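Heads up, the thing below is written out as structure tokens.
Rule-based calculations on the coordinates, nothing more; no lab input. Everything numeric in this text was worked out from a predicted model, so none of it was measured. Because the Cβ atoms are built from the backbone with ideal geometry, glycine has one as well, and the counts that use them run over all protein chains shown.
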Amino acid sequence: MKLLLDFFPILLFFIAYKLAGIYVATAVAIVAAALQVGWGWWRSRKVEKMHLATMGLLVVFGGMTLAFHDPIFVMWKPTLVNWLFALVFLGSHFIGGRTLIERTMSHAIDLPSAIWPRLNLLWVAFFFLSGAANLYVVYDYSGFYTAQQGLLAATGLAEIDLTTCAEAFHGALLAQCQDTQAREEVWVNFKLFGMLGLTIAFIIAQGLYLARHIRHSEEVTEV
């Protein structure tokens, strides 16, 4: 349930993108993130730092996408969110007596003290690699950025709304605009399905790893 709540703004972004394009989707995601934070405050009178940080970066980079009419800013947001979390988790190795993952999960599971730092580093690696994977899709796998710059150069325009390809262009430029939009859609699909898949796969792998080390109550008593 919590995983679905965490992906709530991304899901609405995906739906809005399919209906109205990336600029409407970006505005919807900003509103959804604000609702997510507001819902958490209404239910428990506290806000999860993860949701607050995500909303802050979405407001800044989503706002830049809307202001400059350029999708690349909101495309960078998932990377910056993941790398911010990686930095925070890594910093907890040096600040405070316990790592962040131990402070978060120790009330629910009992692990040997040596396992917590390893688990925390696994989360650091996951966040870093997730952020890198997002950039790989934007710049390499989908080739969106290169296609976007080529389209801008070919048209001589400073900005283009890819939802208006059919109305704005014809011939070779229409085909180039539609190709750029298809590449943009690759990233949008990755943002929902790819990121969600990576997260689920990591959680499953973490569960298998923890199953080898969790200490049951009778084991603790014997010790």
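Of the residues that make up the stretch 85-93, is at least one surrounded by 13 or more Cβ atoms within 10 Å (Cβ to Cβ), of a type in the set (A, V, I, L, M, F, W, C) and closer than 27 Å to Thr180 by Cβ? The answer is no, given that none of the residues of the stretch 85-93 is surrounded by 13 or more Cβ atoms within 10 Å (Cβ to Cβ), of a type in the set (A, V, I, L, M, F, W, C) and closer than 27 Å to Thr180 by Cβ.
Examine the stretch 170-184 for a residue that is touching a Gly at 6+ places or on another chain (Cβ under 7 Å), among the charged types (D, E, K, R) and either under 28 Å from Val124 (Cα atoms) or part of a helix (DSSP H, G or I) (or both), and state whether such a residue exists. Within the stretch 170-184, one or more residues are touching a Gly at 6+ places or on another chain (Cβ under 7 Å), among the charged types (D, E, K, R) and either under 28 Å from Val124 (Cα atoms) or part of a helix (DSSP H, G or I) (or both). Out of Leu151, Leu157, Leu119, one residue alone is within 18 Å of Gln178 (Cα to Cα) and in contact with an Asp or Glu (Cβ under 9 Å, 6 or more places away or on another chain). It is Leu151.
Would you say Val37 is free of Cβ contacts under 8 Å to residues at least 40 places away in the same chain and either touching a Gly at 6+ places or on another chain (Cβ under 7 Å) or of a type in the set (Lys, Arg) (or both)? Judged against the criteria, Val37 is not a match. Scanning the stretch 180-196 for residues being free of Cβ contacts under 8 Å to residues at least 40 places away in the same chain and either over 15 Å from Pro71 (Cα atoms) or among the aliphatic types (A, V, I, L, M) (or both) gives a total of 2. So which residues in the stretch 109-148 are free of Cβ contacts under 8 Å to residues at least 60 places away in the same chain and farther than 21 Å from Lys191 by Cα? Ser113, Ala114, Trp116, Pro117, Arg118, Asn120, Leu121, listed by residue number.
Here is a yes/no grid of residues against (1) surrounded by 14 or more Cβ atoms within 10 Å (Cβ to Cβ); (2) touching a helix residue (DSSP H, G or I) at 6+ places or on another chain (Cβ under 9 Å):
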{"site": "Thr99", "(1), (2)": "yes, yes"}
{"site": "Thr104", "(1), (2)": "yes, no"}
{"site": "Leu111", "(1), (2)": "yes, yes"}
{"site": "Ala114", "(1), (2)": "no, no"}
{"site": "Asn120", "(1), (2)": "yes, yes"}
{"site": "Val124", "(1), (2)": "yes, yes"}
{"site": "Leu129", "(1), (2)": "yes, yes"}
{"site": "Leu135", "(1), (2)": "yes, yes"}
{"site": "Tyr139", "(1), (2)": "yes, yes"}
